[in-house]
Each structure stands twice: as structure tokens, then as C-alpha cells.
Amino acid sequence: MSGTDRQGGGLAQPLAVPPGGRIAAYVGLFLLGAVIGAAGALVQSGWLPGGLLLALVGAAGVFLGGGRATGTRAGAVAPAAGWMVAVVLLTASRPEGDFLFGAGLGSYLFLLGGMAVAVMCATLGRVRQPAGPGVRLGK
């Protein structure tokens, strides 16, 4: 029986990332968060209220998944920062006067809801449990 079988399976365990690869993982999560932010900006107004829910659930999945995959809170903060940068850049108007977000309730719910989801997922990020036989009380 291998070590991952005793701990409940390899799918629930954080990724084993070497220290140099951790920075690359955070950069990848940042870029993934930016892509999710841009996609959510396009979807949220198209199919209101379903598009708004889809955009927020997609953002929550990336934020929480990043935290769970790396086993750190920074794994949830990296895609949240990418999401924020993409959304803030898309809210700015262009010289032609065009902009992506309208002044409707759905746009504000997407902006504020995405920020709230990012904070919740960053604070819910699990920190790794130390390994070893004597790390838990009562054992």
C-alpha cells in the first residue's frame, strides 16, 4: 500500500511543486485568473442572471482550485489578482468611447461579487498539515 492510498487517494492531495516551479505555478494561476476574468466579463451580461452566476462560479472554481492545488493561500490570491487586473483593465473606457461593462446592476454584481468570492476563497485556503506520527494531539 503506497503513501497516497493510506491518506485517501492522490487526487485530494496538493501538488508536489519544487520551489522553483512554485513561482511558475503562481504565474500560470495569475494568467488563468486573467482569462477567467475576461471571459466572465463577456458572459455575465449576455445571459443575465445565468451568465452572472456562471462567471462567478467559474471565478470561485479557479480561486479555490488554485489554493487547493498549491496548498497555500497564495495559490488562491494569484488567480484572484489576475482576475482583478483583467476586470479593472476591461472597465476602462477606450478613446473611441466604447467600454465593455455597462452601467447596470449585473456589472456591479460581477465586480463586487467577484471581489467577495476572491476574499472568501483566499481565506478558506487550507494550509498543509505537517507530516509525521506525532503531529496530532492525542496520538
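The values are calculated or read from the model by the stated rules, or taken from the named source; none is laboratory data. Model, not experiment: these values are computed from the prediction. FYI the Cβ positions are ideal-geometry reconstructions off the backbone, even for glycines, and counts take in every protein chain you see.
The C-beta contact set for the range 85-103 (first residue over 16 Å from residue 43 (Cβ atoms), second residue at pLDDT 70 or above and part of a loop (DSSP other than H, G, I, E, B), distance under 6 angstrom, 6+ apart or interchain) comprises 99/93. Only a single item in (1) surrounded by 12 or more Cβ atoms within 10 Å (Cβ to Cβ); (2) at pLDDT 75 or above is not met by residue 126, and it is number (2).
Taking the range 1-100 and the helices (runs of 4 or more DSSP H) fully enclosed by it, the elements with 3 or more residues that are modelled with pLDDT of 85 or more, β-branched (Val, Ile, Thr) and farther than 16 Å from residue 119 by Cα are at 19-44. Would you confirm, using the coordinates I've provided, whether residue 119 is at pLDDT 85 or above, assigned to a helix (DSSP H, G or I) and either surrounded by 19 or more Cβ atoms within 10 Å (Cβ to Cβ) or out of contact with any helix residue (DSSP H, G or I) (no Cβ under 9 Å at 6 or more places or on another chain) (or both)? Criteria not met by residue 119.
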